[in-house]
Structure formats: C-alpha cells, structure tokens
Amino acid sequence: MQFKYPELLWGLLLLIIPILIHLFQLRKFKKTAFTNVAMLQKVQANSRKSNLLKKWLLLVTRLLLLGCLVIAFAQPFLASKKAMTTQEIVVYIDNSFSMQAKDGNISLLEKAVQGFIQNLPDKASFSLFTNTDTYKNVRLDAVENQLLQLSHTAKQLTKNEIKIKANSLFTTSKTTLKQLLVFSDFQNRLKWNNDSIPNVETYLVPLRPEYTTNYSLDSLYLVDNAGQKDLKILASGIPENENVPVSLYNKDKLIAKTAISGVRDGIAETTITLTEKDAISGKLVLDDNGLQYDNQFYFSINAGQKIKVLALSEGTGNFLNRIYTNDEFDFNKQSLAQANYSAIAEQHLIILNNLEQFPDNLIIALKSFKDNGGSIVLIPSVTPNISSYNRLLSSLGNLSVSGIINSEQQINTIVFEHPIYKNVFSRNVSNFDAPTLQTYIDIKGSGSAALKLNNGKPFLLTQPQLYIFTASFEPINNNFTNSPLIVPSLYNMGLQSFKLPPLYFKIGTNAKLDVPYTLEENSILSLQKSEAEFIPLQQVYANFTSLDFKNGPEESGTYTIKKEEEDIGLLSFNYARQESKLNYTDVSNFKAFSIAESIPNLFYNLEQDRNIVSYWKWFVIFALVFALLEILIQKFIK
C-alpha cells in the first residue's frame, strides 16, 4: 500500500496521548482493615473488574478511531508500477488512400479520428503524427479541428519510418513509460512484422472495412487504328462478367461513355475511340463505391508537338524516312553540301549518315548543339577520313578511331538493359537472325555498348547524347537496314533526344520532360491547376527546357504548363495504384505488440493499467464505526 501524503503518518504518534491518559487513570487499591463482611468484598471486586474492562475497550476504540483518521488523511492507495511512472504517448494515424474504405457510413480514417477524440482521457498530453502532419506535445482541444479535417494522401510511412518518427517525438528520458498507439488498416504491402520496437510499448489497432471489393482504373494507352486513335483502358478488381460504367470527359464535357467487363483473375480492358483532333484534357471516371482515389484517371494529349530530326546524309538514307514518320517527328534530310548549319541549333536530334569527312564549321556547330542538350547519331561512311572523324569524335566525346577493320562479323549480342532496348523486348532473345557486316571502325575511348559484334567489339557505342555505329549502313557493307533491330534502335534514339509529354505521369516517380521553350533570365515554368501551383526543377538549354518532377506535384489531375501568362501545354498526373488491393496483414498473432480489438477497448485497457485504487473513504468509515462503538461502550457498559 502507498500513501499520497505519507508525511501525515507522523500523526500516529498522537496515539500515545490516550495511552498515557489511560495509564494515569489506573488506580492502585490499598489494603485497609475493614469489617470482615464477605458480601461487601465480593461487590467491591466485581466493580473493579467491570470498570477496568470498560477502560480497556474505550482505549482500543479511541486508538483505532484516531489511527483510521490519520491514515484516511494520508490517503492510502494501491497502484501498479505503470500507474506510478510518468507516461509519454505518441499516436500514429494512417491517412493513406486505403483508409478511404468504409466501415458502415464512415471511412476508416474518420473512424480512427473520431474514436481517438471520443476516448482520449480529458487533459491528456500527447504527440501525434500522420503520413503528412506532426503535432508534438499537444492537448486535444488544440488540435481537434485539424484532426477532424485530416485528408487522405498518397504518402505511406513504412514500419521503420513509423518507428523512427515515433522515437523522435519521445524524450530521451529512461525513466518514463513510452507508449506508441498505431491506428491503421495494416495492408499487406507494408510488410508489418512481429519485430518489436525497443523500449516502447506498442499498441496496434487494426481497422477493417465492411467490404474489401474495390474497382480500380489502372492504366491506359493509345493505339493508332486506321488513322484514328483508340484509347485502351485497363481496370482491375472487377468481378467476372460484371459490367461497370466508364465515362470520358474532356475538361468538364462528357464526350464518351462505355462499360468495362470484369474477367477472372485478370485485368479488364475496354476501348474508346477518340474523335477530338485538338488538345485533350482527359478524365476517365469509373463507377465504384470502394476507394475513391483510384476511380479517376487523368490524361492529356497536346496537339502539334513533334521531335525535330535533321539527317545530314550521303548515299542510301531512305530507311530514315520509314522510321521518323510525320505523326511523331518533324524529319528533314539534307546532303552535306546543302546543309544549313544555323538550323542545327533548332533540332533535337542530328543524324550524320555516311559522311566521309566533317568540315570544321560543322564540328563547331555540332559541339555547341550537344553542349546545349542536343543528341547526335553517327553512322560512318564505308571509306571514312580517319583524321576528320577523330577531330569530330574528340570534340564530341573524347573518342578516337584507331583504324578500319576488314573482317566479316555478326551483330549477335543485344544489351537488353541498355536504355535504348529497355522494355522493347518481352523477353531476352538469343536466336534472332543476326545481321552481318564486312568492315567496321575500331573506336578507342569510354562508352556503353548497346549492340556487340561476335568478337566482342561494339557495333553501337553510346555516351550521353551521343550514339556511334561502328559500321556503315550501306548495302555493300552490311544488311542492318533489313534487320528488325534498326527500327527500335533509331526510333528510341529519336524519342530519347527530346522527351515529349506522355499521356500521363505517375506521382512519386522521377519523371522528366523536355519543353520546346527557352527561358529568359529569372523566368520560370510552372504547373497550374485551379488554385494550385507547382514549380518543378528545371534546366534551360539552347532550344528547350528540361523539367524534373521528382519533388511533385502531390495532387492528381491535369495541369497547365505556364510560361508567365502563356499556356504552352498540358500535363496529367495520377496516383500510383499500390493501395487499390484491399489485402491486410493479420496482426492478431503478433506477440511483440499489444493488439486492441477496438479503439474503446484500447483506451479502457490503458486506463486499467494506470488505475489507482484509493482506500481513504474506507478508513473514514472505519473511524465513524469506532466512534459509534465508543458511544455504545459508554452507554451500555457500566
């Protein structure tokens, strides 16, 4: 037993007073000669015994009365060790998109917030954090409104990040009781395990939706179909043979409507033919009562943007026209004699095909072009001027030609991990029909080989913004122009020379985009959507500006690229779909944590752990009982 005011126990020394009074009142009877009358002697003895018993009873009741009063004022109680330890509470509330799922009429996030507010003890101090916000050492009345207005986010803290964040909010004291309360749905993708958090009592409150069915718009892509564009839409989570409506909007105008049918254990697909010829600010809307964040999918098509490609070519070069078509590229081919060097700076990709030598003015223009972000493809001549080639390669990439090798070789190795061929092939192939060549140039210097000859020498050597084939494409030298490899090789070089806007970006990826606009000093490009504005990282080159989206935006939708007051294009961003599958980890078997069945159950258990049982009222009652006993003794014992 413990006492709230143990210093009052000194009052027990007051019990000496009634003891002294009692001893003072005890009398010693002295023998006196008296008439030897037996009856008087008997009466005297009985009277003495009765009086002595009464005094002892009064002494005991008074001692117990005073003792109970002293103990009652000292306020005795019983409590666990936890109840007597200073407590620190840190709360994590998961506000990721999966917490949009509903239990009854409210979302799991609303359930977590309302349950916390309703069950938190009055005047309790705590720290709280979500995936986006942090509140340190606060009381409920200071943050209640902010908690009730919490919104869902694409961000999701991992278990390790939750541990690190919680430890940063706890003090460094070793004497306090540290308790972490975690409110989450514990999706499988978080890989929450049974590893405890050292020196922290962790309580998990798993929240589950009433239904785990969720339909999701996953992705889309465009397909050319006889001169028109078909929009292919992919969705998941739809039960087999169930039809779900899908609507297509251009800005706020409904332009098409269809249905998507579920398939067994697969991705459902449907098609909408686009009739719009101008730029499209598209939004797909799926009819679903599950999670809301994945029911909309944004995309945009900008009219009139093409990659500029200039080929300086001698001899056979018709294969270039077949690759760089007018729907995606602004392609021009000139002979070296006709070349307009001033037009080089306006291009995105320069192809040097079958040129025997390079004038010094051309080398200067090409170096300036590359330094300003342009890309160059070199396809050598069958009879190259080694000295001229070395001046060009030394200027562009610190490379050189050591000689011409006359040896028949096969192009038999594809480096599938190279950026040119990444995602081109569904699987790595080794038994393809390998092109052959008769002569090639031997390149000295560093670079990354994308294609190799059977002797291990590179056929396609690359550096940033520089692509060098080591053999002429002329039919007398090789048959590479008849190989299926030529199309993805040159096509991807064109695509990578200038990053045109895709249909959409996925938020959270390190995406980049080239915009065909230059900026004056102190000018910037920004993205705007309604009242929201985002300024991406940007790097200015001679004829374009490169945008980097690794820091945002954080909200899905279609944004307008703004150059001061001028609208120069559209970009669409969508949330990643990792949270769309409502699969959860069963944390009930985790022994390293305390698992609460519900939010009220959690706070009831916490209160019981810190419950203090007071006994002072009982001692007051005992004191009253002993006071009553004293009255009864005085009245009835003579």
**Request:** Quick one: which strands (runs of 3 or more DSSP E) lie wholly within the range 415-490 and hold at least 2 residues that are under 12 Å from Ile379 (Cβ atoms)?
**Result:** 436-444, 458-463, 466-469
**Request:** Please indicate, with yes or no, whether at least one residue in the range 323-338 is in a helix (DSSP H, G or I) and in the same structural domain as Phe473 (by TED's automatic domain parsing).
**Result:** yes
**Request:** Could you tell me whether Tyr559 is outside any strand (DSSP E or B) and of a type in the set (Phe, Trp, Tyr)?
**Result:** no
**Asked** Can we say Asn167 is assigned to a loop (DSSP other than H, G, I, E, B) and surrounded by 14 or more Cβ atoms within 10 Å (Cβ to Cβ)?
**Response** no
**Message:** Would you confirm whether or not the range 189-209 contains a residue that is within 23 Å of Asn302 (Cβ to Cβ) and either of a type outside the set (Gly, Ala, Ser) or surrounded by 14 or more Cβ atoms within 10 Å (Cβ to Cβ) (or both)?
**Reply:** no
**Selection within the range 483-510 - among the small types (Gly, Ala, Ser), buried (at least 19 other Cβ atoms within 10 Å of the Cβ) and out of contact with any helix residue (DSSP H, G or I) (no Cβ under 8 Å at 6 or more places or on another chain)** = Ser489, Ser497
**Request:** For Val377, indicate whether it is surrounded by fewer than 21 Cβ atoms within 10 Å (Cβ to Cβ), touching a strand residue (DSSP E or B) at 6+ places or on another chain (Cβ under 6 Å) and under 17 Å from Tyr467 (Cα atoms).
**Result:** no
**Request:** State whether the residues of the range 249-271 include one that is in contact (Cβ under 8 Å) with a residue 40 or more places away in the chain and in contact with a Lys or Arg (Cβ under 9 Å, 6 or more places away or on another chain).
**Result:** yes
**Prompt:** Just a yes or no: is a residue in the range 145-154 out of contact with any strand residue (DSSP E or B) (no Cβ under 9 Å at 6 or more places or on another chain) and within 22 Å of Leu606 (Cβ to Cβ)?
**Reply:** no
**Message:** Suppose the filter is in contact (Cβ under 8 Å) with a residue 40 or more places away in the chain, outside any loop (DSSP other than H, G, I, E, B), buried (at least 16 other Cβ atoms within 10 Å of the Cβ) and among the hydrophobic types (A, V, I, L, M, F, W, C); does Phe619 pass it?
**Reply:** yes
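Residue by residue, here is whether (1) in the same structural domain as Phe603 (by TED's automatic domain parsing); (2) surrounded by 15 or more Cβ atoms within 10 Å (Cβ to Cβ); (3) at pLDDT 95 or above holds:
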position	(1), (2), (3)
Tyr92	yes, yes, yes
Asn105	yes, no, no
Val113	yes, yes, yes
Lys123	yes, no, no
Thr171	yes, no, no
Lys174	yes, no, no
Lys178	yes, yes, no
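The values are calculated or read from the model by the stated rules, or taken from the named source; none is laboratory data. Just so we're clear, the structure is a prediction, and the values are computed from it rather than from any experiment. Glycine gets a Cβ as well: all are built from the backbone with ideal geometry, and neighbour counts include every protein chain shown.
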